[in-house]
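What follows is calculated from the coordinates using simple rules that are stated; it is not laboratory data. Just so it is clear, the structure is predicted and the values come from calculations on it, not from any experiment. Virtual Cβ from ideal backbone geometry, glycine too; neighbours counted across all protein chains shown.
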């Protein structure tokens, strides 16, 4: 019978041998894999430098193709795929490299690789195959493969969507729209691919405006401004009454782009929207539509409780130009300091302050009403405004302007005569 110490020895020796063999095997595997990966990386680096050094002009396709095929023939098989899936930042060269890779590897092999579920560590091969096929062959056969991949793991889904967004194929665009509706991936990312898509999909975007999901309606309203569809203005206008403030915001911005002056009746009510960013977008949309007759409705936003809305109001009124000056004058006496300052700033930026003070400084008997208006503008704008005014006027009239400002009790001290 074995003693306890002998029993331990009998059990430990085989265990030690097993651990040692496992460690040795893993070490050898990692060493071989590391060497192979290092060799491939070096070969890939050399190949990329060689392709980047091709000086044939992009317009000479045949010469460029000959140079690419000659270089491709010198490469190992495991270098071709990662090389062709990258970019040289030359569109013609990238296309020809991809075409050569398709010819070298074979389209059926690449399609099989693009559609095959692989372990996560090999996702790069599948993604590379997708990119090479997209750049180097017809789009139509690739779309079904990419569409099926939208039910795979997130990395593959993201790569498939990115490739679909580059294909000038209606089916690819429809696949992206379906992915947006079904929340296959981040809606903002899918919308980016749709925005950049060269495919003809304008008509397919309109149904998104009536989708039950507010996120889908939001991106639909945003995308319609990029892929324009005649008649979609009516659908977008309905979204200005959407229960989601994000949708209302998108509808306002898009409607201003699509319909210009025709958007004004739908946008005006949103100046009183309970959500601040909707009010801000409404003001900017009316300015973009050059709706100067709405200035009296935008001006109250100079006293809005939200800074972004006040900024939108100032910039919108300024964009409308000199015609709005009479609307702003009453705001120089507003109880709210922000409104007074905003009105003064707009009057300065549209040139009313400069014209008025130079004109009154040039006369021997300035108008009392105009002088009072000047006093209010300068007082609302503060010392910096009067200093900036003196910097802008010609040196020849600067002493007279300084005298007028002094008479108003607003003489700045930081500007030289």
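How much length, in nm to one decimal, is gained on full extension between residue 138 and residue 69, taken as 0.36 nm per residue of separation minus their Cα-Cα distance? Net length gain for the segment: 22.9 nm.
The fewest-to-most ranking of 308, 325, 124 by surrounding Cβ atoms within 10 Å reads 308, 124, 325.
If contacts are Cα pairs under 8 angstrom and at least 6 residues apart, what is the relative contact order of region 62-200 in percent? Worked out over region 62-200, it gives 18 percent. Taking 0.36 nm per residue of separation and subtracting the current Cα-Cα distance, fully stretching the chain between residue 46 and residue 234 would add 62.0 nm.
Counting neighbouring Cβ atoms within 10 Å and putting the fewest first, the residues 293, 213, 304, 94 line up as 293, 213, 94, 304.
Using only alpha carbons, region 93-248 has a radius of gyration to Kirkwood radius ratio (Rg to Rh) of 1.04.
Extension gain for residue 192 to residue 338 (0.36 nm times residue separation, less C-alpha to C-alpha distance): 48.8 nm. In this simple spin-label model, placing a label point 7 Å from the Cα along the Cα-to-Cβ direction at both residue 326 and residue 88 gives a separation of 6.7 nm.
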